[in-house]
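For reference, the structure discussed in these notes is given below.
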């Protein structure tokens, strides 16, 4: 479950989420690195619950091709969020040719120091995602978040199924995410993915004025969507 604050983390945990991806600016950018203070507060709030907190490390919106300075920032952020209490990190980087940036990924994995590393939806921009799983596994990635290359995960069940099959062989968990709705969950589970990822967010209208984003409002985690997702997952689980 993707969340952006302490309140959202608590709602997701109470509704049955097994693991959280903590990020910032989700609606406008697809997610950016949250503040260290937010990471620490969420980790404290969920201490003892058994719900894992995995932090998105992404310095800016746009593509996933990063220059050396941006890679260095992400390495520092990986260390900082883990020091703040995160259980793992969510990272990704590509070369200009659209392949996994092995040098950047190695730096991220090394900075994680054995914590769980998830490769994010940068994989949805590569041309041969199933083959790329071998590269990610060799680099130390233990989970991949992907829509199967489609705008919505529910539109790429065949690709997700192939990824899940290869992932089982390599010991890499495939987590379906990207435009996931509650009604998509049964089909995604049926495709064989190991986990399902969504934001369960709704927008609260709030006028920030000319210096605060106008009337764009802000997102909160909807407990009804969390509960419905948990129920759909439980209904589709193998007895």
Open item on the list: For the ranges 94-100, 144-150, what's the packing order if you count other beta-carbon atoms within 10 Å of each residue, average per peptide, and put the highest first?
Closed with: 144-150, 94-100
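For a protection proxy built on the mean count of beta-carbon atoms within 10 angstrom, sort 13-25, 192-204 highest first, please. Numbers along the way, then the final one.
Details: 13-25: 20.3, 192-204: 18.5.
Going by the mean number of other Cβ atoms within 10 Å, highest first, we get 13-25, 192-204.
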Task: Debye-sum result for the range 1-75 in log10 I(q)/I(0), which assumes one identical scatterer on each alpha carbon, at q = 0.19, 0.24 Å⁻¹ - done: -0.75, -1.04
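Using alpha-carbon pairs under 8 Å, 6+ residues apart, how would you state the relative contact order of the chain in percent? All intermediate terms of the calculation are to be shown ahead of the outcome.
Working: 465 pairs, mean separation 37.5, N = 239.
Relative contact order, the chain: 16 percent.
If each residue of separation counts as 0.36 nm, what is the full-extension length gain between residue 202 and residue 158 once their alpha-carbon separation is subtracted?
Values: separation 44, 0.36 × 44 = 15.84 nm, distance 2.96 nm.
Length gained, residue 202 through residue 158: 12.9 nm.
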Open item on the list: Please report the antiparallel percentage of the DSSP beta bridges confined to the range 23-145, to the nearest 5.
Closed with: 20 percent
- [ ] Just need log10 I(q)/I(0) for the range 24-154 at q = 0.18, 0.19, 0.21 Å⁻¹, Debye formula, equal scatterers on the alpha-carbon atoms, no solvent, rounded to two decimals.
- [x] -0.99, -1.10, -1.31
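Which number comes out as Rg/Rh for the chain once both Rg and the Kirkwood Rh are worked out on C-alpha atoms?
On the way: Rg = 17.1 Å, Rh = 18.0 Å.
Taking Rg over the Kirkwood Rh, I get 0.95.
Of the listed peptides 218-231, 62-75, what is their order by residue-averaged count of other C-beta atoms within 10 Å, with the highest listed first? Display every interim value, and only then the final one.
Values: 218-231: 17.9, 62-75: 15.1.
Highest to lowest by the protection proxy: 218-231, 62-75.
Counting pairwise Cα distances across the range 98-230, what percent come out greater than 24 angstrom? Intermediate values should be presented prior to the final figure.
Details: 3495 of 8778 pairs.
Distances greater than 24 Å cover 40 percent of the Cα pairs.
Where a number appears in this text, it was derived from the coordinates with a stated rule and is not lab data. All values reported here derive from a predicted model rather than from experimental measurement. Cβ coordinates were reconstructed from backbone atoms using ideal geometry, including for glycine residues, and neighbour counts include every protein chain displayed.
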